[in-house]
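Enquirer: Pasting in a structure now, in structure tokens, and then I'll have a few things to ask.
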Amino acid sequence: MSPNEAETEDPSAASNEPAPTAPDDRIVALDALRGFALLGILVINIWLFALPTIATYNPTLYGDFTGLNYGAWLISHVFFERKFVTLFTIMFGAGMVLFLESKAWKGQPGRKLHLSRTFWLLVIGLGHAYLLWIGDILVVYALCGFIVVWAWRWRPTRQFVLGAVLYAIPSLLYLLLAVGYFTLPADGQAQLEEELLGAFGADFDPAREIEIYQSGWLDQVAHRIPILLEYHTLGFLSELFWTLGGMMLMGMALYKWGVLSNARSARFYTRLFAGGVGIGLPLILGGVWLREVFAWETIPVLTLAFQFNYWGAPVLAAGYIGGIMLLCRRAKDGRVVHALSAVGRTAFTNYLLQTVIATTIFYGYGLGLFGQLNRVELLGVVVAIWAIQIPLSVWWLDRFRFGPVEWLWRTLTYRKRQPMRR
């Protein structure tokens, strides 16, 4: 049910006492897919850690956007942007079903425990967002988790269709916004662009934003609070719930269909990989072409060109799912699957660790490199963080049952200190 954890339990091991999943009772493919998603999401999150907000919405408006730096953006946009948060969100929805099914098998109060877990996820997310990093997604996941859980028993077809409908709503709203934009006079278009950038929090002076993030922690908190309040209220109601809540529902359906647990045939996953890549990549590249056609004008890019990646991302993400499932079949005991699985089992810890490392590098209470590195250099930082997280995750799980944040979360949820050492 969480971005970092799926629970799978043996129904024969029934007990009326609520308890978390034993480390050995897990589906390797789910953990590997979660680890893959956690590592990939950093490629895009690094923009939020290190660059002024405007650079994430229109990269032509900040920093060098030629040569290798354009190539770094292109690779990140085509293969990573939206694809890995899609995987992360799908896994959240699947995890809800896994958790509630396991509790139903044991005759335990699954929905009550889910609400407890989600409450503590919200608490941790609020601390992460307001105290450390504006790009936090845990708060939104928790808010969605309180709502979509009521659909967990639905038939998968119904879940998938409703999820797709919810996911389509922001796309349609942006299309309507584009129609309105092109019917306005020039001064009206300029005003609408300013309002839209303001809604995204991207109208802030980049020089001032750099100054804030290179200064002290209190200045950063003061800057984050009003932006996050709007993000967690108006932003949630107007876009985030529909996008992420819809994807969670689709994740529930994909789990029930056996897609995420590697229960389908090798032929199915081969076709899923080929179809996802063969359809998703051309669609996304078409969006890149359209950005150039629009000469990177902000409103046309954010309302029209973005549609290609918005719809291409879940298609390509489906291809990634097929590829990871095939990898887990052909190299289940291999080093790559073992490493991805370790990262997936400690993904909550690793998600927060990425914030600690990145903010220490880029913010004023650390090295103060916010706004100082180009996109190629930022990809180097991503690889360096991976080089820390992957072996650390493997080393940790050789000695302990859970990641430290996973352990804390379980202890809070079950109101009982959980065993830590293996």
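Enquirer: For segment 354-384, name all the residues that are crowded, with 18+ Cβ neighbours inside 10 Å, outside any helix (DSSP H, G or I) and of a type in the set (Ser, Thr, Tyr).
Expert: Selection gives 363 alone.
Enquirer: Another question about this same structure. What about residue 163, is it in a helix (DSSP H, G or I), modelled with pLDDT of 95 or more and more than 30 Å from residue 353 (Cα to Cα)?
Expert: Taking the combined requirement at face value, the residue satisfies it.
Enquirer: Also, quick follow-up: Residues in segment 49-67 that are without any contact (Cβ under 8 Å) to a residue 40 or more places away in the chain and either touching a His at 6+ places or on another chain (Cβ under 6 Å) or among the small types (Gly, Ala, Ser) (or both): how many?
Expert: The number of residues fulfilling the criteria is 1.
Enquirer: Looking at segment 180-206 only, could you name the residues that are over 28 Å from the mean Cα position of the chain (by Cα) and free of Cβ contacts under 8 Å to residues at least 12 places away in the same chain?
Expert: Within segment 180-206, 182, 183, 184, 185, 186, 187, 188, 190, 191 qualify.
Enquirer: Considering every residue within segment 118-137, establish whether at least one is over 30 Å from residue 360 (Cβ atoms) and either at pLDDT 95 or above or surrounded by fewer than 18 Cβ atoms within 10 Å (Cβ to Cβ) (or both).
Expert: No - not one qualifying residue is present in segment 118-137.
So that you can scan it fast, the table gives a plain yes or no per residue for (1) without any contact (Cβ under 8 Å) to a residue 40 or more places away in the chain; (2) farther than 23 Å from residue 92 by Cβ; (3) over 23 Å from the mean Cα position of the chain (by Cα):
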| site | (1), (2), (3) |
| --- | --- |
| 321 | no, no, no |
| 345 | no, no, no |
| 348 | no, no, no |
| 356 | no, no, no |
| 362 | no, yes, no |
| 405 | no, no, no |
| 410 | no, no, no |
| 414 | no, no, yes |
| 421 | yes, yes, yes |
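Enquirer: Testing residue 255 on (1) in contact (Cβ under 8 Å) with a residue 60 or more places away in the chain; (2) over 24 Å from residue 168 (Cα atoms), one condition comes back false. Which one is that?
Expert: Residue 255 satisfies every listed condition except (2).
Each row is one residue, and each column tells you yes or no for (1) without any contact (Cβ under 8 Å) to a residue 60 or more places away in the chain; (2) assigned to a loop (DSSP other than H, G, I, E, B); (3) more than 17 Å from residue 135 (Cα to Cα).
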| residue | (1), (2), (3) |
| --- | --- |
| 42 | no, no, no |
| 47 | no, no, no |
| 69 | no, no, yes |
| 73 | no, no, yes |
| 81 | no, yes, no |
| 92 | no, no, yes |
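Enquirer: Can I ask one more? I'd like the full set of residues that are closer than 13 Å to residue 37 by Cα and outside any helix (DSSP H, G or I), limited to segment 327-353.
Expert: Once the filter is applied, which keeps residues that are closer than 13 Å to residue 37 by Cα and outside any helix (DSSP H, G or I), segment 327-353 yields only 346.
Enquirer: Do we have any residue at all in segment 231-247 that's within 30 Å of residue 330 (Cβ to Cβ), at pLDDT 95 or above, out of contact with any strand residue (DSSP E or B) (no Cβ under 9 Å at 6 or more places or on another chain) and assigned to a helix (DSSP H, G or I)?
Expert: The answer is yes; a qualifying residue exists.
Enquirer: Filter segment 209-255 down to residues that are in contact with an Asp or Glu (Cβ under 7 Å, 6 or more places away or on another chain) and of a type in the set (Ser, Thr, Tyr), then give me how many there are.
Expert: Looking only at that region, the number is 0.
Enquirer: Does residue 315 satisfy the criteria of being closer than 30 Å to residue 63 by Cα and part of a helix (DSSP H, G or I)?
Expert: Criteria not met by residue 315.
Enquirer: In the set 304, 283, which member is under 30 Å from residue 179 (Cα atoms), over 22 Å from the mean Cα position of the chain (by Cα) and assigned to a helix (DSSP H, G or I)?
Expert: Going through 304, 283 in turn, just one is under 30 Å from residue 179 (Cα atoms), over 22 Å from the mean Cα position of the chain (by Cα) and assigned to a helix (DSSP H, G or I): 304.
Enquirer: Consider residue 221 against the criteria (1) on the phi < 0 side of the Ramachandran plot; (2) assigned to a loop (DSSP other than H, G, I, E, B); (3) surrounded by fewer than 16 Cβ atoms within 10 Å (Cβ to Cβ); (4) touching a residue at least 12 places away in the same chain (Cβ under 8 Å): it satisfies all of them except one. Which criterion is unmet?
Expert: Only one criterion is unmet by residue 221, namely (2).
Enquirer: State all residues of segment 258-271 that are under 16 Å from residue 33 (Cα atoms), touching a residue at least 40 places away in the same chain (Cβ under 8 Å) and small (Gly, Ala, Ser); if no residue qualifies, say none.
Expert: Answer for segment 258-271, where residues must be under 16 Å from residue 33 (Cα atoms), touching a residue at least 40 places away in the same chain (Cβ under 8 Å) and small (Gly, Ala, Ser): just 261.
The values are calculated or read from the model by the stated rules, or taken from the named source; none is laboratory data. The shown structure was predicted, so the numbers you read here are calculated from the model rather than taken from an experiment. All Cβ positions, even for glycine, are placed from backbone atoms using ideal geometry, and neighbour counts span all protein chains on display.
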